[in-house]
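**Student:** Mind having a look at this structure? Questions to follow.
Nothing in this text is a laboratory measurement; each read-out follows from the coordinates by a stated rule. Remember, it's a predicted structure, so these values are computed and weren't measured experimentally. We place every Cβ from the backbone using ideal geometry, glycine too, and count neighbours over all the protein chains shown.
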């Protein structure tokens, strides 16, 4: 093998109360796809932010082509040929696609005016390379999360980076978009570009990685060569134990419908309607391609974007949902896809996030009883195994899996009847996924009805008791578990209807 183009030697990084990295080593060779694996909080993103110039290390050295290099900024990283596709979107939605791709590097005409014709033409090259059928003139605000993620990737490709860091790049992509991205990665590898690929989707790692470096608790846990890469080997290094991936059916099957949705119409698809029911103690999976209308249906039921038609019945009684407050009063709660922006207030402590939906419960004479807040927050953090220095830790400082648990904790404290999980394990590691799945099943066993919206086929097939499939605002079929397969779901996801879609299950 050639000499490494990048070496990170004995990298250390500390935050208040946390040792994020402890003497971590990493090598990257020319034209290889290096997968960086580990649970949330293992130090992967911190290590990459040091390489990308976002953080500076407290200890250790970074070498490019054998020469020690100081990376004090993102500009320094770019100058050394490092491009970064961040896990959280880093785009400006008031600008166009092309303006985002070339932000700060716009081609100029006459030395001071932006050459918009060249700007858009250059951007089209990378959009076509990714198979993205949108115009460079389109505003980011008009795009889905998946499309915005692809724009991030186009921006990184436009830098002609020698080393391209991809942090969970497929977390919001459809199967087709993911397949295209993996093909692009293979093309870049053939051109000599090195890729550092961070993903919790172990199937993707197995498909494209030449090596896997695993971190655990901020330290090196091991390295796997190409022939050693498989699910079990990666998981053992990540968590130090085997993970149970067996489907656990309900202990008892209750055919009683807890919630009935009839002819629900959303603003996204005003000319279409959906009908379905969710049984007590059931996990009803919602599958479909990005843009099928699943999240819009969830937001309508929760009242974030009130439905424009249809009815919702809970325990056989019609309920009116005009706002999220109405849903909360009825015991219907939503854990949103974008937990950072829609599920949490990142700058306030865990304690305040958990008690916020029902603050009046913890107040007396208009003053919040902090002792009562602490008691409830501590109880649910312990129940959900939230890993944080204390309940006063800001939500924004938590890993993705722990942020998801905090969102869940605030609703569990209110005794839910229906919980809607929108992409419950997006960007969450395999160990935390197992915990989330166990929590979902435990809630179902206690009689809570659960709707699980997911773009992860393995998740849908592994956790659902039934599967509802949507296509362009319609439910094209509702499959019993014995009928559910990847092929059956994909046929429905692209528009083939079945009679059960009319009956609503």
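**Student:** Could you rank the peptides 16-29, 66-79 by their average count of other C-beta atoms within 10 Å per residue, with the highest value first? The partial results should precede the final answer.
**Tutor:** Numbers: 16-29: 17.2, 66-79: 13.6.
Going from most to least packed, we get 16-29, 66-79.
**Student:** So what is the relative contact order for the stretch 6-239, in percent, with contacts set as C-alpha pairs under 8 Å and at least six apart? The partial results should precede the final answer.
**Tutor:** Details: 451 pairs, mean separation 65.5, N = 234.
In percent, rounded to a whole number, it is 28.
**Student:** Could you work out the Kirkwood radius for the stretch 285-369, taking every pair of different alpha carbons, averaging 1/r and inverting it, reported in Å? Before the final figure, lay out the partial values.
**Tutor:** On the way: mean 1/r = 0.0671 Å⁻¹.
About 14.9 Å, per the Kirkwood formula over Cα pairs.
**Student:** Have a look at the DSSP beta bridges in the stretch 6-239 and tell me what percent are antiparallel, nearest 5. Could you put the intermediate results ahead of the total?
**Tutor:** Numbers: 23 of 40 bridges.
Bridges in the stretch 6-239 that DSSP calls antiparallel: roughly 60 percent.
**Student:** Tell me, in nm to one decimal, what length is gained between residue 346 and residue 382 on full extension, where the rule is 0.36 nm per residue of separation less the Cα-Cα distance? Don't jump to the answer; show the numbers that get you there.
**Tutor:** Values: separation 36, 0.36 × 36 = 12.96 nm, distance 2.02 nm.
Full-extension gain reported as 10.9 nm.
**Student:** Pull out the extension gain between residue 371 and residue 227, defined as 0.36 nm times the separation in residues minus the alpha carbon to alpha carbon distance; nm, one decimal. Don't skip to the answer; put the middle values down first.
**Tutor:** Values: separation 144, 0.36 × 144 = 51.84 nm, distance 5.46 nm.
Additional length available on full extension: 46.4 nm.
**Student:** Then there is this: Report the equivalent ellipsoid semi-axes for the chain in whole Å, largest first, defined as the square roots of five times the eigenvalues of the gyration tensor built from alpha carbon atoms. Write out the running numbers ahead of the final one.
**Tutor:** On the way: eigenvalues 296, 151, 109 Å².
With the √(5λ) rule applied to the chain, the semi-axes are 38, 27, 23 Å.
**Student:** Another question, if that's okay. Please figure out what share of the DSSP beta bridges in the stretch 310-419 is antiparallel and state it in percent, rounded to the nearest 5. Spell out each step's value before the answer.
**Tutor:** Values: 6 of 8 bridges.
Approximately 75 percent, going by the DSSP bridge assignments.
**Student:** Moving on. So what's the projected area for the stretch 6-239, the Cα convex hull averaged over all directions, in nm²?
**Tutor:** Working: hull surface 53.1 nm².
In nm², the orientation-averaged hull projection of the stretch 6-239 is 13.3.
**Student:** Computed FRET efficiency, Cβ-Cβ of residue 360 and residue 311, R0 35 Å: what is it to the nearest 0.05? Walk me through the intermediate numbers first.
**Tutor:** Numbers: r = 29 Å, r/R0 = 0.83.
Given R0 = 35 Å and the Cβ-Cβ separation, E is 0.75.
**Student:** Any idea how far apart residue 179 and residue 134 come out in nm if each label point goes 7 Å out from Cα toward Cβ?
**Tutor:** Using points 7 Å along Cα→Cβ, the separation is 2.2 nm.
**Student:** I need the calculated FRET efficiency for the pair residue 3 and residue 92, taking r as the beta carbon distance and R₀ as 41 Å, to the nearest 0.05.
**Tutor:** Details: r = 39 Å, r/R0 = 0.95.
Between residue 3 and residue 92 the formula returns 0.60.
**Student:** Can you tell me what share of the DSSP beta bridges in the chain is antiparallel? A percent to the nearest 5 is fine. Before the final figure, lay out the partial values.
**Tutor:** Working: 45 of 80 bridges.
Roughly 55 percent of the DSSP beta bridges within the chain come out antiparallel.
**Student:** What is the packing order of peptides 317-328, 385-396, taking the mean over residues of other C-beta atoms within 10 Å and listing the highest first? It would help to have the intermediate numbers written out before the result.
**Tutor:** Details: 317-328: 14.9, 385-396: 16.9.
Put in order of decreasing packing, that is 385-396, 317-328.
**Student:** Right, here's the next one. If packing is taken as the mean number of other Cβ atoms within 10 Å per residue, what is the order of 304-315, 430-441, highest first? Display every interim value, and only then the final one.
**Tutor:** Values: 304-315: 16.8, 430-441: 20.3.
Averaged packing, sorted descending, gives the order 430-441, 304-315.
**Student:** Okay, moving on. Between residue 480 and residue 262, what's the calculated FRET efficiency when r is the beta-carbon distance and R0 is 25 Å? Round to 0.05.
**Tutor:** Values: r = 21 Å, r/R0 = 0.82.
It comes out at approximately 0.75.
**Student:** Compute the distribution of all C-alpha to C-alpha distances in the stretch 36-98, in bins of 5 Å from 0, and list the percent of pairs in each, rounded to whole numbers.
**Tutor:** 4, 15, 22, 22, 17, 11, 6, 3, 0
**Student:** How are the Cα pair distances of the stretch 209-353 distributed, in percent, across 5 Å bins from 0?
**Tutor:** In whole percents, the pair-distance histogram is 2, 8, 12, 13, 12, 12, 12, 10, 8, 8, 3, 0.
**Student:** May I pose another question? Using alpha carbon coordinates only, what is the Rg to Rh ratio of the stretch 159-210, with Rh defined as the Kirkwood radius? Can you show the working numbers first?
**Tutor:** Numbers: Rg = 10.5 Å, Rh = 11.3 Å.
When Rh is taken as the Kirkwood radius, the ratio is 0.93.
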